Amino acid sequence: MMPDIPVIDAHVHLWDPTQLRIPWLDSDPLLNHPYLLSSYREQTQSVPIERLVYVQVDAAPQYGLIEAEWINALAEQEPLIGGIVAYAPLEDGNCIQSYLPALTRLGSRIKGVRRLLQDESDPAFCLQPGFVRGVQLLPAYGLSCDICIRASQLPSAIALVERCPDTAFVLDHMGKPEISTHNVDTWRKEMTALAAHPHVFCKVSGLVTEADHNHWRPEDLAPYIEHVLHVFGEDRILFGGDWPVVLHAAPYRRWVETLDALTAHLSEVARRKLWAENARSFYRLE
């Protein structure tokens, strides 16, 4: 199955390692070469993609503004790129008030920021006072906050959103549940607690790379997707392709077909929200 309605992909990466220093690619031979919009178009040509949201690629921090400038310049030529989630050093607290103006001066395509948390050794990294303050400052600049964590960091994420009630959040990749080990119970409880905060949305993305890359089946993903649909409801879920990282576990088309089949029971209105309208609303796409 394939969606028969226009799709907004709320989570796409593009990169050229010859232009940006992206250290984590050094140990990833599959991904350590350019993945540009031409390749994305080629691999998604069977999917009715209307727009995409670019999400920062965890380049070396000193390249954060350079990355945002690069993708923004590309977006001026490529209307498929509707929004940009850029890097910001949120842990710098009040000092970020000198960084965010430089970022937002790039224009209205800058919709939000992300400071990757998934590889921090301290599970409470996002609760240090500077980080909390940085997140609290985002609304003043019209920016949302993407949260990218592993399932073990969900308790800290819950505490963060409680301390930042005026900031719009979206959880990337459903909090990266441990699908390969079928460890669902704790994740389910903590996702219920996170979803209780109405200023938090959730991307239905990145699941196949948390499952067994070579042997995953749709039924492995089903209980996780079902729970997110239940606790976040139809108004706070967004489709994300997570291209090209998804290629570790599936072609883009297979992920889309799987999600379409697992959500086929939704109403037409709910399907439109999942595949496009919630992303359009959350990221304020023109």
Determine if the stretch 51-61 includes at least one residue that is over 21 Å from the mean Cα position of the chain (by Cα), surrounded by fewer than 16 Cβ atoms within 10 Å (Cβ to Cβ) and part of a helix (DSSP H, G or I). no
Filtering the stretch 224-253 down to residues that are loosely packed, with under 15 Cβ neighbours inside 10 Å and either free of Cβ contacts under 8 Å to residues at least 24 places away in the same chain or under 24 Å from T186 (Cβ atoms) (or both) yields E226, H230, G233
Within the stretch 41-50, residues outside any loop (DSSP other than H, G, I, E, B), touching a residue at least 12 places away in the same chain (Cβ under 8 Å) and over 19 Å from A279 (Cβ atoms) come out as Q43
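Does the stretch 69-98 hold any residues that are in a helix (DSSP H, G or I) and within 21 Å of T167 (Cα to Cα), and which are they? Give the derivation first.
If we filter the stretch 69-98 for residues that are in a helix (DSSP H, G or I), which is where we start, we get 69-77, 90-98.
Correct list: L90, E91, D92, G93, N94, C95, I96, Q97, S98.
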Just the residues that are within 20 Å of Y63 (Cα to Cα) and loosely packed, with under 10 Cβ neighbours inside 10 Å, please, taken from the stretch 24-45. S27
May I ask you to list the residues in the stretch 229-247 that are among the small types (G, A, S) and out of contact with any Phe, Trp or Tyr (no Cβ under 9 Å at 6 or more places or on another chain)? G233, G240
Please work out which one of (1) more than 22 Å from E257 (Cβ to Cβ); (2) at pLDDT 95 or above; (3) out of contact with any His (no Cβ under 8 Å at 6 or more places or on another chain) is the condition L229 fails and give its number. (1)
Within the stretch 82-99, which residues are surrounded by fewer than 21 Cβ atoms within 10 Å (Cβ to Cβ) and within 20 Å of the chain's Cα centre (by Cα)? P89, E91
Residue count, the stretch 8-38, condition in a helix (DSSP H, G or I), of a type in the set (S, T, Y) and within 23 Å of L116 (Cβ to Cβ), comes to 1
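Please enumerate the residues belonging to the stretch 247-274 that are part of a helix (DSSP H, G or I) and under 18 Å from A222 (Cβ atoms). Before the answer, list the steps.
Keep residues of the stretch 247-274 that are part of a helix (DSSP H, G or I), which gives 247-248, 252-262, 268-274.
Matches in the stretch 247-274: R254, W255, V256, E257, T258, L259, D260, A261, L262, A270, R271, L274.
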Mind checking which residues of the stretch 138-159 are surrounded by fewer than 21 Cβ atoms within 10 Å (Cβ to Cβ), out of contact with any Ser or Thr (no Cβ under 6 Å at 6 or more places or on another chain) and either at pLDDT below 95 or more than 22 Å from V12 (Cα to Cα) (or both)? A140, S152, P155, S156, I158, A159
List pairs: first in the stretch 165-184 and within 13 Å of L207 (Cβ to Cβ), second surrounded by fewer than 16 Cβ atoms within 10 Å (Cβ to Cβ) and charged (D, E, K, R), Cβ under 6 Å, 6+ apart or cross-chain? S180/D212
If the Cβ limit is 6 Å and pairs must be 6+ apart or interchain, which residue in the stretch 71-92 that is closer than 12 Å to V12 by Cα pairs with which residue that is outside any helix (DSSP H, G or I) and of a type in the set (F, W, Y)? I71/Y54; I81/Y54; G83/Y283; I84/Y54
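Pick from T181, T192, T167, T209: which is touching a strand residue (DSSP E or B) at 6+ places or on another chain (Cβ under 6 Å) and under 22 Å from P123 (Cα atoms)? Walk me through it before giving the result.
Working: T181 fails: touching a strand residue (DSSP E or B) at 6+ places or on another chain (Cβ under 6 Å); T192 fails: touching a strand residue (DSSP E or B) at 6+ places or on another chain (Cβ under 6 Å); T209 fails: touching a strand residue (DSSP E or B) at 6+ places or on another chain (Cβ under 6 Å).
Going through T181, T192, T167, T209 in turn, just one is touching a strand residue (DSSP E or B) at 6+ places or on another chain (Cβ under 6 Å) and under 22 Å from P123 (Cα atoms): T167.
If only one of E162, E190 is in a helix (DSSP H, G or I), at pLDDT 95 or above and out of contact with any helix residue (DSSP H, G or I) (no Cβ under 9 Å at 6 or more places or on another chain), which one is it? Show your work before the answer.
Numbers: E190 fails: out of contact with any helix residue (DSSP H, G or I) (no Cβ under 9 Å at 6 or more places or on another chain).
So the residue among E162, E190 that is in a helix (DSSP H, G or I), at pLDDT 95 or above and out of contact with any helix residue (DSSP H, G or I) (no Cβ under 9 Å at 6 or more places or on another chain) is E162.
The values are calculated or read from the model by the stated rules, or taken from the named source; none is laboratory data. All values reported here derive from a predicted model rather than from experimental measurement. When we count neighbours, we look across all protein chains shown, and the Cβ atoms used for this are built from the backbone with ideal geometry, even at glycine.
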